[in-house]
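The following block contains the structure, expressed as structure tokens.
Just so it is clear, none of the values below were taken in a lab; they were calculated from the coordinates. Since we're looking at a predicted model, the values are computed, not measured. Counting neighbours? That spans all protein chains shown, and the Cβs are built from the backbone with ideal geometry, glycine included.
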Amino acid sequence: MRKYIPLFLFILLISTHELIWAQTNDAQLWIGYEMDKKVIKRTKTHLKYQVRFTDNYTRFDYAFFDFGIDYSLHDNISISTAYVINTKNDRELSWLLRNQWYGNIQFEQKLGKFKISNREQVQTDLEDDIEAGGNWFYRNKTALQYKLNKKLTPYIQFEGYMRIGERPPSEDVLYRTRYHAGVKYRYNKRNDLTMSFLYQRQIRRNQPDHIYSIILNWSHSAK
């Protein structure tokens, strides 16, 4: 295990080199759980749940439930659709309950011990519903992972959000960008544990946010 630490740190440095010069607004902790279950050939249902703590890990700020269906078109191509209900702790308006829908297509390709994947997603986003009446977003996520052994798989990932339609004058073409670097641990054939580090930059209400988050996630495949 110890001999892989320098490699993981090197991957983390490459994926987050921009962070050194960025202003830090907040440190966060995101904790998640995912479960999927096969229902018929090539079709699975999934449930995802995540909670987030902000203000340097001190305030419970956000939670969501994601209920969806995943269908494998091919060994390397899959599509998904889901309904998401989430709640956010607004400092002025207390807790806000919001609804969301998304649909996506994902491509994967293995190259020896490497695997590259790309996901194209369209979603509704009611984050600014009170001010703007809701919006549509296009999200592109690209990831590269390397299988060190049967247990450990480090990865890096980039994701960009783009608003569909007219955007505010102060907003960049990319509404939000995320950089990930992490490692997945295969506990057994049905359970994976993942720890990753995320940097997020976003223009929100004419002010840029810089978020640094630790993400802990447990994935389970039901029988």
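Count the net charge of all other residues whose Cβ sits under 14 Å from the Cβ of PHE65, scoring Lys and Arg as +1 and Asp and Glu as -1.
Value of the local net charge: +2.
Turning to a different aspect of this structure: What does the charge add up to near LEU47, with Lys and Arg as +1, Asp and Glu as -1, over the other residues with Cβ less than 9 Å from its Cβ?
-1
Which FRET efficiency value, to the nearest 0.05, is calculated for THR45 and GLU171 with the Förster distance at 35 angstrom and r the Cβ-Cβ distance?
0.50
Taking neighbour counts of Cβ atoms within 10 Å as a proxy for exposure, in what order, fewest first, do ASP75, ASP26 appear?
Lowest count first: ASP75, ASP26.
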